[in-house]
Amino acid sequence: MSTIVQNLQAVDASIVAAADAAGRSRNDVQLLAVSKTFPAEAVLEAAAAGQYAFGENYLQEALDKIAAVSHALPASPMEWHFIGPIQSNKTRPIAASFAWVHTVERLKIAQRLSEQRPPELGPLNVCLQVNISGEASKSGVTPEALPELARAVAQLPHLRLRGLMAIPEAQAQVDRQRAAFRQLRVLYDRLRADGLALDTLSMGMSADLGAAIAEGATIVRVGSAIFGSRQYE
């Protein structure tokens with residue numbers, strides 16, 4: 001059994017345990033395997049173990065990887081999520097190549113994704129990234145500006161606004177991790193109460209997925225716990 005397969009099993013067991021502790025079903029939480037910086041071979045190894053949803057941050061790397069994986073597994077139901085910062089000049093290939101985008105923070109970007117989404121692909125699923133911790137180094141709309149942005153994005157014709165995403169400031173204590181995720185859940189609940197048909201909370205990574213699931217995460221984004229430590233050039 002390969003290391004990636006063993007790691008996937010271990011992550012799944014962690015999700016099951018966290019969901020059980022929160023009184024939730026394992027089926028309520030999707031695992032997004034963050035494959036950025038790892039080769040197509042690693043994705044294929046994970047796919048052979050039944051993992052079909054993958055997250056990518058870097059556009060050109062992602063496009064090359066999508067092409068390689070599609071060539072190797074033309075009939076597999078691969079689902080690619082873009083989870084990196086979005087530049088205006090990169091929206092067209094993102095709109096054409098991904099099923100989900102988690103990092104929308106400006107109306108201009110959302111408008112471009114909507115305009116450039118190929119109609120035959122159906123609506124592009126999007127999450128709004130919220131800067132929940134107020135860090136200057138983090139992307140995301142402020143909580144105060146979120147409702148106006150959410151209402152505007154929900155009206156765009158070729159997008160489907162699914163929910164919210166956040167990367168809170170790293171915390172070692174579980175109670176502090178949960179407090180940050182709870183802030184995002186409260187914002188999500190308010191938008192739903194205002195009539196937006198949201199169903200997704202993309203929050204939690206390798207180090208804090210248990211706290212995220214306890215606070216209602218529906219997608220957890222896990223990379224290093226599956227693929228190992230990243231080597232950046």
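The mean accessible area for residues of the chain, using a 1.4 Å probe and ignoring ligands and nucleic acids, is 47 Å² per residue. For the chain, no complete DSSP H run has alpha carbons reaching 30 Å or more along its own long axis together with a mean Kyte-Doolittle score of -1.0 or higher. Neighbours of His71, meaning other residues whose beta-carbon lies under 13 angstrom from its beta-carbon, give a summed charge of -1 when Lys and Arg score +1 and Asp and Glu score -1.
Here, P(r) means the percent of Cα pairs in each 10 Å bin from 0 to the largest distance; for region 58-145 it is 16, 46, 29, 9, 1. Taking each residue as 0.36 nm, the span from Ala96 to Asp64 lengthens on full extension beyond its C-alpha to C-alpha distance by 10.1 nm.
Residue-wise HN-Hα couplings along region 210-219, as the Karplus relation 6.51 cos²θ - 1.76 cosθ + 1.60 with θ = phi - 60° gives them from phi, are x, 5, 5, 5, 4, 9, x, 4, 10, 10 Hz; Gly and Pro carry x.
Placing Lys90, Lys108, Lys65 in order of accessible area, with the largest value first and a 1.4 Å probe, yields Lys108, Lys90, Lys65. Between Gln116 and Gln9, the FRET efficiency from the beta-carbon distance, with R0 = 41 Å, is close to 0.60. A simple spin-label model places pseudo-atoms 7 Å from Cα toward Cβ; at Ala17 and Asp189 they are separated by 2.7 nm. Glu135 versus Thr37, label points 7 Å from Cα toward the beta carbon: distance in nm? That separation, rounded to one decimal, is 1.5 nm. P(r) tail, the chain: Cα-Cα pairs separated by more than 23 Å, 47% of all pairs. Suppose the chain between Glu79 and Ala172 were pulled fully straight at 0.36 nm per residue; how much longer would it get relative to their current alpha carbon spacing? Additional length available on full extension: 30.3 nm. Each peptide in 73-83, 33-43 was scored by the mean count of other Cβ atoms within 10 Å over its residues; highest first, the order is 33-43, 73-83. Based on alpha-carbon centroids, what's the gap between region 129-155 and region 78-111 in Å, whole number please? Measuring centre to centre over Cα atoms gives 15 Å. From most to least packed by mean Cβ count within 10 Å, the peptides 212-224, 124-136, 2-14 give 212-224, 124-136, 2-14.
The values are calculated or read from the model by the stated rules, or taken from the named source; none is laboratory data. Everything numeric here is computed off the predicted structure, so don't read it as measured data. Every residue, glycine among them, receives a Cβ derived from its backbone with ideal geometry; neighbour counts consider all protein chains shown. Note: areas computed on protein heavy atoms with side chains; ligands, DNA, RNA excluded. Shrake-Rupley method; radii C 1.70, N 1.55, O 1.52, S 1.80 Å.
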